[in-house]
Amino acid sequence: MREGSVFMGPRNLMAAGRILSGILLVVAFLSGGCTRTSSDNGQVPGKVVGTVLLDPKVPLWMTHGSLAVVALMKGPTSPDWLPVARVVFVHPTFPVPFEISQKDVRLTGITFQGPVRLVARLSLESGSSLVANGEYSGTVPVDGAVGGPPVRIVIDRELPSVSGSGR
């Protein structure tokens, strides 16, 4: 290329760089920049988020079953904590991140808000004489809140078998 070419001059390169950086600045400003979608303490509005972990004493064949995470709420007129929402994972790979929101509520007229208790249950109905059926859960319900910080549930307790379950 010859000396006076548009692509060769250092002034043209500097001007193009300034224009490009200005365009990127305007795009970043208009798109909201690099802001976080959740608040600084890890809270997620309108949802309960967390992770389910598997205790090493739980048999690995249980991961061929299904994991249900259930949210229980206590309303102003209810005498006890009642299950209102759940998410299910088939053949979970631990640790399992989960998220429960209003779309997971199973009862009409319930608004998913306020304090909740979370229970995780790992179940397997093998249908085989070689692999035992079973159910495991966390030792106690985990307290959380809709819009609160992430929770951690550990599956660590074998539930008693129900008669007729094949065990």
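The values are calculated or read from the model by the stated rules, or taken from the named source; none is laboratory data. A quick note: this is a predicted structure, and the numbers were derived from the prediction, not measured. For neighbour counting, all protein chains shown are included, and Cβ atoms are generated from backbone atoms with ideal geometry for every residue, glycine included.
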From the option list 117, 86, single residue qualifying as closer than 24 Å to residue 161 by Cβ and basic (Lys, Arg) is 86
Looking only at the range 102-127, which residues are outside any strand (DSSP E or B) and surrounded by 14 or more Cβ atoms within 10 Å (Cβ to Cβ)?
104, 110, 112, 126
Determine if the range 99-109 includes at least one residue that is more than 20 Å from residue 66 (Cα to Cα), of a type in the set (Val, Ile, Thr) and free of Cβ contacts under 8 Å to residues at least 40 places away in the same chain.
yes
Can you find a residue that is within 22 Å of the chain's Cα centre (by Cα), at pLDDT below 55 and outside the structural domain of residue 138 (by TED's automatic domain parsing) anywhere in the range 18-28?
no
Looking only at the range 70-110, count every residue that is among the hydroxyl-bearing types (Ser, Thr, Tyr) and touching a Lys or Arg at 6+ places or on another chain (Cβ under 7 Å) and tell me the total.
1
Count - residues of the range 137-167 that are surrounded by 15 or more Cβ atoms within 10 Å (Cβ to Cβ) and modelled with pLDDT under 90:
2
